[in-house]
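Visitor: Below is the structure I would like to discuss, written out as C-alpha cells.
What follows is calculated from the coordinates using simple rules that are stated; it is not laboratory data. These figures come from a predicted structure and were not determined experimentally. We place every Cβ from the backbone using ideal geometry, glycine too, and count neighbours over all the protein chains shown.
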Amino acid sequence: MTQQLNYKNLSVAATITTITGLILLAASFLFNKESFFLLFNHDFGGYADAFFAAFTHLGETIPWVAALALILLFKKDFFWLLLACFFISTLFVQGIKNILPEQPRPTKAITSTYQVHTVKGVELHKEFSFPSGHTATAFTVFFIACLAIDAWWILPVGFAYALLVGYSRVYLAQHFPRDIAGGMLIAVLTIYLSLWVCKKRIKE
C-alpha cells in the first residue's frame, strides 16, 4: 500500500470499540446473558421494527460490495487490505461458530419466549449465536473507512453505523449482547492482523 493510512483515526476507533466490547462482554457475564439481552430487546414500535429489519442488512454483503466499489474507484491501494479483512473476518467468525459447542440464539435459549420481542417477517435463527458476523462486518468496514478517510467525522458517523448494525441484531432477537461484543473484538483483531499481512506482502 502506497497511500497514507490514517492510523490516528483507526487507533481512536479501535480503542472505543474495544472498551465498548469489553464492557458488553463483562456485563453479559455479570448480569446473565439472557437477562442482559432482555434489557435491550424492547419493542419500540412499527417504525423501529421496519428500520432495524432494513438496517441490519448493512452488516451483510452490502458494505463489502460498497467498500470494494469505492476502493476500485478512489483508493485502489486499499484493495489487498479489504480482501485480507474479508477473509480474516470470515475465518474468525465462522471458525469460532463451528468450533464452540452449541450456541443457541435468544429465541431458543430463552424458554419464556413471550418476553422476547421479535419482528414479523424476520426469519429467526436458532443456532451459532456467538459471535455476531453482522457486527464483525460492520466494525471491520468502519475501521477500513477510518484508515482511508482523513476526516474527524468518520469516527462518530462510522461508529454509529456499526453500533446500530450490532444493536439491530439484539432488537431483532438474533443475537445476545455478548455476541455483539464478540463481533466488535473480532473486528479489532481483523483490521490489525490484515494490516500486518499486507505489510508482509509488500516486504516480500
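Visitor: How about segment 131-204: which helices (runs of 4 or more DSSP H) wholly inside it have at least 3 residues that are out of contact with any helix residue (DSSP H, G or I) (no Cβ under 7 Å at 6 or more places or on another chain)?
Guide: The helices (runs of 4 or more DSSP H) meeting that bar are 154-171, 177-203.
Visitor: Check GLU102, GLU60 and return the single one that is surrounded by fewer than 15 Cβ atoms within 10 Å (Cβ to Cβ) and in contact with an Asp or Glu (Cβ under 7 Å, 6 or more places away or on another chain).
Guide: When all the criteria are applied, what remains is GLU102.
Visitor: Shifting gears a bit: Quick test for you: out of LEU91, LEU72, LEU81, pick the one residue that is over 17 Å from GLY158 (Cα atoms), in contact with a Leu (Cβ under 9 Å, 6 or more places away or on another chain) and assigned to a helix (DSSP H, G or I).
Guide: LEU81
Visitor: Next up: I want to confirm something. Restricting to segment 100-120 and keeping residues that are in a helix (DSSP H, G or I) and not small (Gly, Ala, Ser), which single residue is nearest to SER28 (Cα to Cα)? Write out each step before concluding.
Guide: Within segment 100-120, the first condition is being in a helix (DSSP H, G or I), and the residues that meet it are 106-109, 113-115.
With the extra rule that they be not small (Gly, Ala, Ser), the set shrinks to 106-108, 113-115.
Details: PRO106: 13, THR107: 17, LYS108: 17, THR113: 19, TYR114: 21, GLN115: 18 Å.
Result: PRO106.
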